[in-house]
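The values are calculated or read from the model by the stated rules, or taken from the named source; none is laboratory data. Please read all numbers here as calculations on a predicted model, not as lab measurements. With ligands, DNA and RNA removed, areas are computed over all heavy atoms of the protein, side chains included. Shrake-Rupley method; radii C 1.70, N 1.55, O 1.52, S 1.80 Å.
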Amino acid sequence: MHERSSSILQHFIRLMAMLALVVATQVNAQQRWLPIAQDGLRDPASPAVKVLQAPGDALSSLAPDQVGNQVRWVKALKDGQITPRSSLRPGTKVQTYDKDALLNLNGGMPVVRFPHSAHTQWLDCSNCHDHIFKKERGATPISMFLILQGEQCGLCHGAVAFPLTECGRCHNTKREDAIAELQREAAAASATPPP
């Protein structure tokens with residue numbers, strides 16, 4: 001059974017790599033956005049089409065990317081090109097968290113280093129916890145099948161964040177490095193006296 005699932009995983013990886021190559025070759029070196037009335041997302045007869053800012057006007061000065069909506073959003077945030085609102089309602093207490101979570105510790109792909117800080121600068125923790133993901137490590141089984149179906153991480157990635165063809169942006173940490181890091185954290189935690 002293990003050999004079969006490994007073969008399926010390798011086939012999936014090759015398929016995703018070919019898809020990424022096709023997408024990359026279709027993107028020009030220069031960013032291009034369709035006008036709102038022609039993007040296929042909005043009703044061209046809607047009065048909003050005349051009011052909304054053109055994507056090229058809004059996005060062309062931001063950190064460029066070759067995939068998705070052609071903006072590297074986290075770089076734009078780090079470079080100060082954008083400053084997302086912390087909330088829509090004044091006085092809302094917003095939680096942030098800056099610790100990375102290591103995911104996919106038992107899979108065949110490299111480990112996922114999930115950067116909480118890059119996500120909580122956009123979204124309050126309550127956007128994901130506890131209805132999409134439980135806060136406890138391992139409490140929510142994460143599934144590429146579900147992600148590709150637009151659930152879990154796929155709620156944003158492939159919609160407003162970089163697309164799922166960019167495997168290496170998430171699967172970015174060598175397994176042995178992740179395990180060593182978790183062992184160091186466990187050793188440090190056991191050496192620290194309780195408060």
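Worth pointing out:
- Too-long pairs where the Cα-Cα distance tops 22 Å, listed order kept, from K93/K134; K93/K135; K134/K174; K75/K135; K99/K174: K134/K174; K75/K135
- Fraction of accessible area attributable to carbon and sulfur, the stretch 112-157 (%, probe 1.4 Å): 60
- The phi torsions of the stretch 80-89, fed into the Karplus equation with coefficients 6.51, -1.76 and 1.60 and a -60° offset, translate into couplings of x, 6, 9, 9, x, 5, 7, 6, 8, 10 Hz, rounded to whole numbers, with Gly and Pro shown as x.
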